[in-house]
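These notes concern the structure reproduced below.
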Amino acid sequence: MIPAAERKSPLQKRFGLNSIRYKLSLGILLTTVTALLVSGSVIVLYELRDYRAHMLEDIQVQSNLIGQASAAALQFEDAEVAAETLTLLQLSPKVLAAAIRKPDGTLFAHYQQAAHAELGTLQHPNIPLLLSPGAEPEIVIDNDLLRLSAPILFGQEYLGSIMLITKYGMQEHLARVLGIVATVTLLALIVSMLLSYWIQSRITRPVMLITELANWVVLKRDYSLRAEAPASNDEIGYLVQAFNTMLNEIELRTAALEVSNRQLESEAHERADAEQALRSSELRHRTLVMTLTSVVWQADARGNFVTDQPGWSAYTGQSAAQYLGKGWIQAIHPDDRGGVQSLWLKACEDLSPFATQLRLWHDLDAGFRHINLNAVALKDTAGVLQQWIGVIEDIHEQIQSTQEIRRLNSELEQRVEERTADLESANKELEAFSYSVSHDLRAPLRSIDGFSQALLEDYQSVLDATGQNYLARVRAAAQRMGILIDDLLKLSHVSRMDIARDMQDLSSIAAEVIQGLRESEPERRVKVQIEPGLQAYGDARLLRVVLENLLNNAWKYTGKCTKPLIEFGTQQINGSACFYVKDNGAGFDMTYASRLFSAFQRLHDSRDFSGSGIGLATVNRIISRHGGRIWAQAEPDKGAVFYFTLQNTQAATQGERHEAQTHPAGRR
């Protein structure tokens, strides 16, 4: 038998694609692949056709629904209601943009995903929708976009038109289908290969074993090997027996010859080993000499090359005729030659060490490389200069790295200056906006509220209950607008005010906030647990705003609980200490958690819980300016937990004065 460690025979390389095993495997593989390709192609074509039909049907249904829902808005020219109707399309992630136009082609309302600003042409009022009353819907597929244009009808009345643009996604769907088909194909191929292996083990394996054994005997001349006799009594079994008999005869006849040649082979091996050791020693010696002298050069007392310089020649490519004498200077960059010659002459006169940095021609790169050229004078016992010994140190990569770092630093400084200018401009615009809000908007609101109150007081007997209710609602709306303006100004102020960091007692601040809430609603009985001794570095005013908003939210959203509970404490998360405010109130659906810290985004109806949607935006901005982050976990009707971290340092961050203005995040 062949040793297990050396079962792989060179016959596999000799026969290659002509082996019986390969032909049998190829036949099974081709049959399987052909069947899979045909079935896979049919499946892919069917899936693509079905996907296209589904997409067309889906966009038509959506356009019909939006069109019918917007008919009333078009009739009464209520663009706000139409815009709110289009906003419902955000529930369908594939809808990228939508627009509703009047019969004259002007834009009435539009919707567009923020991530697809390149579709901004939908907002252009001068782009007409080329549809006439009674026209059939028009569907256009452009690249990966599916666009539907359809009229909006109320009975037989043509009210306008609607355009929807969705992501077609055919390529992605094709990729998924191809992935499934490829996976099934791979599994089928694996099964076919296992089947092929099983067939080979029953049919081709005995033949391959005999063939490999014969080849092994020829290569190794080991006639003591024998083939395994198969269990079958067929032609293969007879072939194995005859082959073993032949090997036995050859073994007997070659035994004597092997004994007589063994000594000769031993002597030949010893001689070959000695020659190989000698060649290896010579190669190591030559390599060592060339390595040590590859960057070493010699010059006489006058600085001339007078002997062979193998290291210099290997580096620069100069021949002896070129570098002898002062010819070696020609390998230096033309811009560096003058300075090097002056330094070299001065070193030869003063017998001082020579060291300079220059650009030297490198034959392998076919270009100049930065090097350090160093040389020392060798003197005899009398102090007379005999020769110069020099060394080339290649520093090209170091120079390039230094230049690249300088370039990147220059670009970074320029970007910082540009960013600083942008931030200063944004801050000025924000200040102008704050001034406009605080002065230009408050006066009309005060007038609306004041005159409404005057009407209620002076003409109460004239107005019926409905009129008084309308005026009360006008006053309430004006007051809510005033509160919203105050919150916006507060958010703007938080983004621009300087931070005075110091150690703050968060437990005391939280206790003061809770005491104020109890005084504002003395009839409520709320259990509050505040962990004592909670401290952090930060601005006292801003941290009070954070706790006021978080604890106010907890107080508000536990208003409908029979046993309200509010907690403020710390918790270790991933090895870091985090503060948290926890309540057992209304909670919210984590599906909409991404909207939690966006301005004007509310997760509860204002009729159930009042608020302007700015509170958590302010909290997020303050936490961010303190180098921390805030996140939440909640479940509907089971309460919510708000976690936040603060940077534990007394110094403000370096970029705090010119930090970028980010979109503020709203409260839940």
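Each value in this text was obtained by applying a stated rule to the coordinates, not by laboratory testing. No experiment lies behind these values; they were computed from the predicted model shown. Here the Cβ positions follow ideal geometry from the backbone for every residue, glycine too, while neighbour counts run over all protein chains shown.
Please list the non-local residues whose amide H lies under 5 Å from the amide H of HIS362, H modeled 1.01 Å from N, same-chain partners needing a gap of 5 or more.
Sorted by chain and number, the residues that satisfy this are GLY367, PHE368, ARG369.
Could you run the Karplus curve 6.51 cos²θ - 1.76 cosθ + 1.60 with θ = phi - 60° over segment 96-113 and give me ³J(HN,Hα) per residue in whole Hz, x for Gly and Pro?
Result, rounded to whole Hz: 8, 7, 8, 8, 10, 10, 6, x, 7, x, 6, 6, 9, 7, 8, 9, 7, 5.
Once amide H atoms are placed 1.01 Å from N in the peptide plane, what residues at a sequence separation of 5 or more from ARG629, or on another chain, have their amide H within under 5 Å of its amide H?
HN-HN under 5 Å from ARG629: THR645.
On a 26 Å Cα-Cα criterion, which of the cross-link pairs LYS556/LYS638; LYS94/LYS638; LYS326/LYS346 come out too long?
LYS94/LYS638
Give me a comma-separated list of calculated 3J(HN,Hα) values for segment 381-392, in order, Karplus coefficients 6.51, -1.76, 1.60 applied at θ = phi - 60°, integers in Hz, x for any Gly or Pro.
My calculation for segment 381-392 gives 5, 8, x, 8, 5, 9, 6, 10, 10, x, 9, 9 Hz in order.
Please tell me the relative contact order of segment 354-418 in percent, rounded to the nearest whole number, where contacts are Cα pairs under 8 Å and at least six residues apart.
Value for segment 354-418: 23 percent.
By per-residue mean of other Cβ atoms within 10 Å, what is the highest-first order of 342-351, 328-337, 296-305?
Highest to lowest by the protection proxy: 296-305, 328-337, 342-351.
Among the DSSP beta bridges whose two residues both lie in segment 505-603, what percent are antiparallel, rounded to the nearest 5?
Percentage antiparallel, nearest 5: 70.
Let me check against my output: what whole-number percent is the relative contact order of segment 330-383, with C-alpha pairs under 8 Å and at least 6 apart?
32
Return the whole-Å distance between the Cα centroid of segment 399-426 and the Cα centroid of segment 518-533.
52
Please list 3J(HN,Hα) in residue order for segment 176-184, calculated via the Karplus relation 6.51 cos²θ - 1.76 cosθ + 1.60 where θ = phi - 60°; whole Hz, with x for glycine and proline.
Residue by residue, segment 176-184 yields 5, 5, 4, x, 5, 4, 5, 5, 4 Hz.
For HIS333, what is the net charge nearby, where nearby means another residue's Cβ is under 11 Å from its Cβ and Lys, Arg count +1, Asp, Glu -1?
+1
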